[in-house]
Amino acid sequence: MPLPLNDRQFIFWSLRRSGLANIQIAEEFRISRQAVSKAIINMDRKVEEALLAMAHANKIDVERMNTERGILFGHSIPFDVNAVVFVSADHGVQVWYEHEGDCGSCPRYTQCIELLWGYADELGIMLAETDDPTRLADELFAKLREMV
């Protein structure tokens, strides 16, 4: 289920995820606090549905989920590794499998680096400088586990 990333509800949800209070969002958009609250409640439901659908499609057992952050931690049954399903404003719903790989020779190296750095930026998470996507993902998702 794709999320409406350009929809106003998603924008409100993203602003709340970045730390803005509903009243601040309402003032910024010149609408009622109740309208913002209703929109965010609807988007929380859509985010939950999207996370669970992606987990189900990828045969990931859910361990814990946080819809306000847009993240689900679980375990991949077919790959027998930990997996993370997350919502990125720039990349939509994504799945990351914990793995050790030869990132330097992988054709998706640049895409992985951009995805991980971009997602960390969206959440305001500071990471150690590294050019290894596996290490970057380990650090990012360890910090997120602590937050949720």
Residue selected from the stretch 119-139 under the condition under 11 Å from the mean Cα position of the chain (by Cα) and within 15 Å of Asn66 (Cβ to Cβ), by the criterion surrounded by the most Cβ atoms within 10 Å (Cβ to Cβ): Tyr119
Which of the residues that make up the stretch 50-87 are closer than 20 Å to Ile11 by Cα and among the charged types (D, E, K, R)? Glu68, Arg69
List pairs: first residue in the stretch 46-60 and more than 19 Å from Tyr97 (Cα to Cα), second residue assigned to a helix (DSSP H, G or I) anywhere in the structure, Cβ distance under 9 angstrom, at least six positions apart or on different chains. Lys46/Gln9; Lys46/Phe10; Lys46/Trp13; Val47/Phe10; Val47/Trp13
Tell me yes or no: at least one residue of the stretch 83-93 is on the phi > 0 side of the Ramachandran plot, part of a strand (DSSP E or B) and surrounded by fewer than 16 Cβ atoms within 10 Å (Cβ to Cβ). yes
Checking the conditions here, which among Arg45, Arg8, Arg17 is touching a strand residue (DSSP E or B) at 6+ places or on another chain (Cβ under 9 Å) and basic (Lys, Arg)? Arg17
Scanning the stretch 94-117 for residues that are touching a strand residue (DSSP E or B) at 6+ places or on another chain (Cβ under 7 Å) and not charged (D, E, K, R), which turns out nearest to Val47 (Cα to Cα)? Gln94
If only one of Ile40, Ile23 is farther than 22 Å from Val148 by Cα, part of a helix (DSSP H, G or I) and in contact with a Lys or Arg (Cβ under 7 Å, 6 or more places away or on another chain), which one is it? Ile23
List the residue pairs whose Cβ atoms are under 6 Å apart, where the first residue sits in the stretch 116-139 and is under 22 Å from Val87 (Cβ atoms) and assigned to a helix (DSSP H, G or I), the second is at pLDDT 90 or above and hydroxyl-bearing (Ser, Thr, Tyr), and the two are 6 or more positions apart or on different chains. Tyr119/Ser88
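Yes/no per residue for (1) outside any strand (DSSP E or B); (2) surrounded by fewer than 16 Cβ atoms within 10 Å (Cβ to Cβ):
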{"residue": "Ser14", "(1), (2)": "yes, no"}
{"residue": "Leu51", "(1), (2)": "yes, no"}
{"residue": "Val62", "(1), (2)": "no, yes"}
{"residue": "Trp96", "(1), (2)": "no, no"}
{"residue": "Gly101", "(1), (2)": "yes, yes"}
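The values are calculated or read from the model by the stated rules, or taken from the named source; none is laboratory data. Note that the structure is a prediction, hence the values are computed from the model and not measured. We place every Cβ from the backbone using ideal geometry, glycine too, and count neighbours over all the protein chains shown.
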